[in-house]
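Here is the structure we will look at, set down as structure tokens.
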Amino acid sequence: MSEDSPYWIEGTVPETPTPAEYPEPWGKTNVVGARLPRVDAYERVSGSAVYPSDVILPGMLYGAILRCPHSRARVLSVDSASAEAMPGVHAVITASTPEADIPWSYRRGPESRLFPSLCQHEGEAVAAVAAETPQQAVDALRAIRIDYEILPHVADQETSSDPESPKIWDDGNELPARPPYERGNIATGFAEADVVLELTFTTACEIHAPMETHGCVAQWDGDRLTLWESTQGVFAVQARVAEILGLPLSKVRIVGHYMGGGFGSKLQAGKYSIIAPILARLTARPVKLFLSREENMLCVGNRPPSRMTLKAGVKKDGTLTALAMDTLSTPGAYAISGFGLEDWQIRDLYTVPNVRTSNRFVFINAGPARPFRAPGHPQGSWALEQMMDDLADAIDMDPIVFRLKNIPSVSQARGGQPYTTTGLKQCLTDGAAAFNWETGRSRPVQKTHLKRGVGMGACLWIAGGGGPPSTAIVKIFADGSVNLNLGASDIGTGTKSVMAMVVAEELGIDPHAIQIEHADTATTQFATPSGGSKTIPTESPAVREAAYAVRRRLIELAAEQHDLAIEDLELATGAVVSKTDPAVSFPITELEGLQRRGLVMGVGYRGPNPEDVAITPFAAQFCEVEVNTRTGEIRILRFLGAHDSGRVMNRLTYDNQIFGGITMGIGLALTEERILDQATGKMVNANLHDYKIPTALDVPAEMASLAIDPHDEQCNTTGAKGIGEPVTIPTAGAIANAVFHATGVRITESPITPGRFLEAQAAQAEEV
């Protein structure tokens, strides 16, 4: 991906060879597509799965990080003598510790240090300790005395670029501007329109809030370092840790077999990934360092807030003529990644000949942004999908009919590249039918204070096509058992299960009988981080090719042993059988070639994506809400997601992704909001009591998943596209549209809290 992508990978990645032979596209499958339990389901539900935060090693110490309590301050002095003398404390490190006096760079913007003297947000690391118990470590932090010079701060992106605002960095508070995106003639487009509308939309900052917080366990064995880290990409962490600590890659091992949630925030190493090894090296003991919930809220990522002013023009017949959007967003105090692309929906989702978008990014004194389930897209969709409904209302057209009028045939933002497939039309029509859209839209006006309405939103996702590099190895042993080796992380989405199903499909075996090695830089093949909905479309073709090579070799061994034609043989249920005479069957375990060799191995690679085409998932989502106009309470009654993400690999995990993404979108729409105190710049709701993520009581009991499969045989050899990200993108906009349909009140600021709804309702009543 380009550097503008939120999933851009720092540095280079190894190439993988083009596959020696591409398997033919699957037709009807026996295993792939079924609704099968995860291959590690027992381990996950029984508690026997060992997550990094579960790791306990002999002699292990506990690390903790002292963090700046101010939104902006300069460290004048650090006195750690009292902490060093406390019982159980084995090490205290600060900026003056030689091993910890190292640079810490970010993707864009100014350089920093592991322990910076200028703290630019609440939660900046200033010191760390290692002690016998977590309690002793925390007590030692409290004993460290730091003298701060509290500096003026900026907590509001709206005023960050004001000349009167404090200057955060020497170069100012604004990142260098990117050129605006333009096509057509925007002035002509608006002149041709019969209706022109303009609205400003805002979305609040969201926090990732994974169940397992960020952290790792570090252990040295001589000059070799092993980290058990909660990460979405073990090789990305390996590269970063090796670079910072000045180690060869071969001396750094990262293990991440399980991970308790990340949503994009764990795509890269954190400072804890460096601090824990430093403490472990100084103490000659393993060190476990996992962040507290408050630290997670402050330091390791967020979906940045956005302000989007969107102007749109449409003809009376429903033809869009122009879209123009200006966006203001903030990456926080540092420009890591995960910001931008708020305008991609405007550029590419609907057919519009005249488009202009511009994006401005300003620094504020707050924790840095990181990729968060479809970076930028949910914010842009919040604006675009509400605007589409307002335009439809203005020309007296059904919102779905209006969208169908403007279905794209090519990727306009990519210069007119054709899509490998687009199921957007079918998502809209089939989704509307399954949801019973027309009945919901035509419901009579309710005469009580409880109002019901339906809403919808559509989307595409910029990524989701996957691509090289990826290498997988499949081995079948003399007893018929199978091993799969790949480097990708399973971030809770069921990656291991899907890959086992791919192998099972090719070899005709039970997927639960496959032993899987993954996400360990010492024992598995290189893989890029699991993010951007690229894992299944990246890894499954490589896994399929590896299994295909094994299948082909087993058939060759049977043909050689029994002097039969290869073309007449196939692999099924643990045996090589004749296509023309099913009675001719040779169990795999009786193949002499397999017994002599002990195993047959296949290596698979991910080939390049097809050139000059766009691989894109599409979706349309529908919901029904009930609004209490007296209290402002909003209940979601039912939700349906219709998604074109190519071939469904495992219907159970596919549906799980739909329901999870909808739940996350509900948070954006109704509950989630980072609140910074303007006077101090501090986050006032850095806990799960005051920061409201959706619970089971906020999610509708009736949720449905409708899979749209246009049989994309061009995207890759398994026909799969990404599903994780697209589900969240249109959810919040669909909810806002349903609230408008129920009440006639348009809410442009997220989240739609009861207070915000009542204020908007009262303001609208005053205008009338």
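FYI, it's all coordinate maths here, none of it is from the lab. All values derive from a computational prediction rather than experimental measurement. Neighbour counts run over all protein chains shown; Cβ positions are idealised from the backbone, glycine included.
Could you list C459, C119, C427 so that the one with the fewest beta carbons within 10 Å of its beta carbon is first and the one with the most is last?
Arranged by neighbour count, lowest to highest, C459, C119, C427 become C427, C119, C459.
Would you work out the relative contact order for the stretch 540-584, in percent, from Cα pairs under 8 angstrom that are 6 or more residues apart?
Computed over the stretch 540-584, the figure is 24 percent.
Taking Cα pairs under 8 Å and at least six residues apart, what relative contact order does the stretch 466-605 come out at, in percent?
35 percent
Could you put H70, H208 in order, starting from the residue whose Cβ has the fewest other Cβ atoms within 10 Å?
H70, H208
Counting other C-beta atoms within 10 Å, which of V625, V92 has the fewest, and how do the rest follow?
Result, fewest neighbours first: V92, V625.
Can you tell me which of 719-726, 542-549, 303-310, 446-453 comes out highest on packing, and rank the rest after it, using the mean Cβ neighbours within 10 Å?
719-726, 542-549, 303-310, 446-453
Mean Kyte-Doolittle of at least -0.5 and a Cα length of 27 Å or more along the axis: which whole DSSP H helices of the chain meet both?
In the chain, the long hydrophobic H runs are 535-562.
Taking 18 Å as the cut-off for C-alpha to C-alpha distance, list the pairs among K266/K721; K534/K721; K311/K425; K475/K579 that go past it.
Table pairs above 18 Å Cα-Cα are K266/K721; K311/K425; K475/K579.
What does the helix-only formula give at 222 nm for the chain: each DSSP H stretch with n ≥ 4 adding -39500 (n - 2.57), the total divided by the residues, and the result rounded to the nearest 500 deg cm²/dmol?
-7500 deg cm²/dmol
With both partners inside the chain, how many of the DSSP beta bridges are antiparallel, as a percent to the nearest 5?
Given both bridge residues lie in the chain, the antiparallel proportion sits at roughly 80 percent.
G88's amide H: which non-local residues (gap 5+, or another chain) put their own amide H closer than 5 Å, with H modeled 1.01 Å from N in plane and none for Pro or chain starts?
When sequence neighbours closer than 5 places are left aside, there are no close amide H contacts.
Taking a ≥ b ≥ c as the square roots of the eigenvalues of the Cα gyration tensor of the stretch 466-605, is the shape rounded (a/c under 1.5), prolate (a/b larger than b/c) or oblate?
Prolate.
Tell me, for the chain, which Cys residues have no other cysteine's C-beta sitting closer than 4.7 Å.
C205, C216, C299, C427, C459, C623, C715
Based on the alpha-carbon gyration tensor of the stretch 34-132 and its eigenvalue square roots a ≥ b ≥ c, which shape applies: rounded if a/c is under 1.5, prolate if not and a/b is larger than b/c, or oblate?
oblate
With the cut-off at 1.5 for a/c, could you classify the stretch 583-625 from its C-alpha gyration tensor as rounded, prolate or oblate?
prolate
Show me the ranking of peptides 220-231, 319-330, 154-165 by mean Cβ neighbours inside 10 Å, starting with the highest.
Those peptides, ordered most packed to least, come out 319-330, 220-231, 154-165.
So what is the relative contact order of the chain, in percent, for Cα pairs below 8 Å that sit 6 or more residues apart?
Relative contact order here is 17 percent.
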